[in-house]
Amino acid sequence: MKILVINCGSSSLKFQLIDSDTEAVICKGLCERIGIDGSQIVYTPAGKDKITKVEPMPDHNKAIELVIEALTNAENGVVELSEIGAVGHRIVHGGEKFTKSVVINEEVIKAIEEVSDLAPLHNPANLIGIRACEKVMPGVPMVAVFDTAFHQTMPQEAYLYGLPYSYYEKYGIRRYGFHGTSHSYVSKRAAQILGKDIKDLKLIVCHLGNGASVSAVKEGKCIDTSMGLTPLEGLIMGTRTGDIDPSVVEFIMKKENSTVADVTNLLNKKSGVFGLSNDLSSDFRDLEDAYLKGDENAKRAVDAFTYRVAKYIGSYTAAMGGVDAICFTAGVGENSGFTRGLICERLSFLGATVDAEANKVRGEEKFISGADSKVKLLVVPTNEELAIARDTFELCK
Ligand code: AMP
């Protein structure tokens with residue numbers, strides 16, 4: 001079956017067409033600047049050159065139409081429309097309602113709408129993507145795959161904040177966690193690479209990209225993760241603060257005479273390694289280059305980042321009563337041996353050692369732990385689209 005995977009943002013739409021038999025990517029691409037001037041679709045059919053088309057895209061319906069046109073046109077299309085057997089949608093927030101992927105029907109759409117106040121920027125965009133696909137491909141089954149679902153196994157002691165319990169009961173204020181599709185995919189893949197049943201393993205997955213989170217996966221179930229009610233909690237990220245004292249918000253508002261919205265924007269978009277490096281960059285390639293040239297701004301930011309990752313690894317080792325393997329994934333985790341090395345230097349308390357040669361790896365599955373390491377360290381490239389396609393196939397085959 002050919003499965004179309006859709007990841008809809010407020011002004012963008014990423015897509016991949018995946019063959020569920022071979023798991024090969026038949027075509028992948030991106031619609032950018034939807035609803036804004038200068039919108040374009042950029043896509044690459046497998047084995048062919050990248051194609052860019054500048055086209056007005058007033059809304060997501062038009063974007064989906066262009067995706068279908070790109071996939072099916074006579075000149076460089078890759079399928080007939082009737083061959084697309086199902087669509088898998090990445091949905092950011094499933095609240096407590098969704099503990100696994102589900103076939104989309106009106107009831108599911110309503111439930112996604114109901115939790116939209118927990119992800120006001122993302123869930124409405126995801127729903128627009130669902131409606132647009134319904135319109136352009138009526139009758140094709142669709143599946144919702146939630147970023148939060150994998151973390152729903154967290155015990156209450158891990159997901160509750162120290163707030164009055166009534167705020168959880170009334171408003172659902174609790175820790176949900178994100179990047180769940182990635183944490184799930186990487187932990188399962190790590191068990192396969194280790195040649196062990198996941199039920200016998202204690203794993204820590206470090207998803208280190210522009211957004212970053214760590215999860216503790218014990219016996220195949222997530223028991224804790226670093227993101228919370230929103231993706232702002234936890235690690236220091238590209239531009240997000242991660243954990244801070246909530247009193248900082250009021251403090252900055254008074255000092256800068258600013259609003260809650262201003263400070264929320266600051267915490268999400270201007271902080272993290274970007275803010276810590278005095279606005280040098282949020283991109284670890286730039287920070288690594290500058291760090292190696294002795295730049296103090298880059299060193300401050302990267303050191304705070306690697307310290308926070310190591311601190312979470314330590315606390316999750318305590319939460320699980322040990323750790324068998326630590327996995328690195330996403331843009332930084334897969335590609336930056338430098339950053340991985342700095343994190344692992346901080347893990348000597350676990351008896352972790354790094355094989356410097358192996359740690360040069362980029363974007364490939366590889367053990368990077370030394371022969372004498374007491375804990376396995378490994379790079380496992382994530383593949384959220386494939387995970388979404390697999391769930392979609394399982395529910396629609
Ligand atoms: P992601 O959010 O998973 O797409 O990760 C994007 C981030 O990965 C970029 O902002 C970079 O900081 C980082 N990244 C990608 N490639 C490299 C690389 N070769 N070396 C260091 N960092 C990288």
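The values are calculated or read from the model by the stated rules, or taken from the named source; none is laboratory data. Since this is a predicted model, take the numbers as computed values, not measurements. Every residue, glycine among them, receives a Cβ derived from its backbone with ideal geometry; neighbour counts consider all protein chains shown. Just so you know, the surface numbers come from the protein's heavy atoms only, side chains and all, with ligands and any DNA or RNA stripped out. Shrake-Rupley method; radii C 1.70, N 1.55, O 1.52, S 1.80 Å.
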Every residue from the stretch 332-377 that is more than 28 Å from Gly321 (Cβ to Cβ), assigned to a loop (DSSP other than H, G, I, E, B) and either acidic (Asp, Glu) or under 22 Å from the mean Cα position of the chain (by Cα) (or both): Ser336, Glu357, Val361, Arg362, Gly363, Glu364
Looking only at the stretch 323-337, decide whether some residue is within 19 Å of His183 (Cα to Cα), among the aliphatic types (A, V, I, L, M) and within 13 Å of the ligand (Cβ to nearest atom). yes
Answer residue from the stretch 378-392, given it is among the β-branched types (Val, Ile, Thr) and under 13 Å from the mean Cα position of the chain (by Cα) and is most open to solvent (accessible area, probe 1.4 Å) among those: Thr382
Selection from the stretch 262-303 of residues in contact (Cβ under 8 Å) with a residue 24 or more places away in the chain, more than 13 Å from Thr239 (Cα to Cα) and open to solvent by less than 80 Å² (accessible area, probe 1.4 Å) yields Glu288, Tyr291, Asp303
Take the stretch 15-35 and flag every residue that is open to solvent by 20 Å² or more (accessible area, probe 1.4 Å), free of Cβ contacts under 8 Å to residues at least 60 places away in the same chain and in a strand (DSSP E or B). Asp19, Ile26, Leu30, Glu32
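Going through the stretch 210-235 one residue at a time, which ones are open to solvent by 10 Å² or more (accessible area, probe 1.4 Å) and either part of a helix (DSSP H, G or I) or touching a helix residue (DSSP H, G or I) at 6+ places or on another chain (Cβ under 9 Å) (or both)?
If we filter the stretch 210-235 for residues that are open to solvent by 10 Å² or more (accessible area, probe 1.4 Å), which is where we start, we get 210-211, 218-221, 223-224, 229-233.
Asn210, Gly211, Lys218, Glu219, Gly220, Lys221, Ile223, Asp224, Leu229, Thr230, Pro231, Leu232, listed by residue number.
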If you check Asn73 against the conditions, is it exposed (fewer than 15 other Cβ atoms within 10 Å of the Cβ) and over 22 Å from Glu394 (Cα atoms)? yes
